[in-house]
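Notes to accompany the following structure.
The values are calculated or read from the model by the stated rules, or taken from the named source; none is laboratory data. Values in this document were obtained by computation on a predicted structure and should not be read as measured data. Quick reminder, even Gly has a Cβ in these numbers, built from the backbone with ideal geometry, and neighbours come from all protein chains shown. Areas reflect the complete protein model, heavy atoms only, side chains present, ligands, DNA and RNA absent. Shrake-Rupley method; radii C 1.70, N 1.55, O 1.52, S 1.80 Å.
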Amino acid sequence: MAILFFDVGACAMIIRSHIIWFVLIALAAVLVWDASTRGHQSTTSYTCVQCRAIKHSDSFFRYEYDRIEKTEFSQWYAQSHSIHRHQWAWCGTVKVFYPLAQARGCGKRHPIWQISPDQQRKFVMSATPEQLQGFYTLLNSPDLAMQQQAVEMVFTSDSVDQR
């Protein structure tokens, strides 16, 4: 009768390495599946209706982060107006990246995007305080028709070149 001897430590090490490889492959499969169904990266933008700073909202494998880009208008606004709370207005587009493709989703963007920052600056510089208060109240309204009225205020003002 032959007695088989084997190294228990070597077997445990082989089993441990197989488990590690299995876990790594399973984790990679879950990441690929998640990226294929939800996208591994997405990006969209917003602008503040008052100072026109741009907020870029991005996500990477479900981790979301924002960065705010100062613009020429936002720097001018900060120097000539009081501090305000940003009121973000969506640009209307979301871009999603998948492992082998990319997609763009579009929706109804906020009407502030119809006004160039230069047109808004000319309007803000020439408007009375009452007009500005009405302008920002209309822009911050949840009603799209009222937001559009604010845009028309800019375009019908004498100080702004038409579109």
Given springs between every Cα pair under 10 Å in a Gaussian network model of the chain, which of R67, R109, R52 has the largest fluctuation? R67
Ratio of the Cα radius of gyration of segment 60-146 to 2.2 N^0.38 Å, where N counts its residues: 1.37
Using modelled amide H (1.01 Å from N, peptide plane; none on Pro or chain starts), what sits under 5 Å from the amide H of K55, excluding residues fewer than 5 places away? Y46, T47, C48, E69
Hydropathy at least 1.0 by Kyte-Doolittle, axial extent at least 27 angstrom from the Cα trace: which helices of the chain, defined as entire DSSP H runs, fit? 8-38
Given the options Q149, F135, L27, identify the residue whose Cα lies farthest towards the positive end of the charge dipole of the chain (+1 on Cβ of Lys, Arg; -1 on Cβ of Asp, Glu). L27
Taking the convex hull of the Cα atoms, report for segment 34-111 its projected area averaged over all directions, in nm². 5.8
Taking amide H positions as placed 1.01 Å from N in the peptide plane, with prolines and chain starts having none, which residues 5 or more places from Q41, or on another chain, fall under 5 Å of its amide H? F61, F97
So the number of lysine pairs in the chain with alpha-carbon atoms under 22 angstrom apart, 8 or more residues apart or on different chains, is 6
Over the chain, how many percent of alpha carbon pairs lie in each 5 Å bin up to the one with the longest distance? 1, 8, 13, 14, 12, 9, 7, 6, 5, 4, 4, 3, 3, 3, 2, 2, 1, 1, 1, 0, 0, 0
If I stretch the segment between Q133 and S116 completely, what's the gain in nm (0.36 nm per residue apart, minus their alpha carbon distance), one decimal? 4.2 nm
Magnitude of the Cβ-charge dipole (Lys and Arg +1, Asp and Glu -1) of the chain about the Cα centre, nearest 20 debye, reported as 200
Would you work out the relative contact order for the chain, in percent, from Cα pairs under 8 angstrom that are 6 or more residues apart? 17
Would you mind working out the accessible area per residue for segment 13-140, using a 1.4 Å probe, and quoting it in Å²? 66
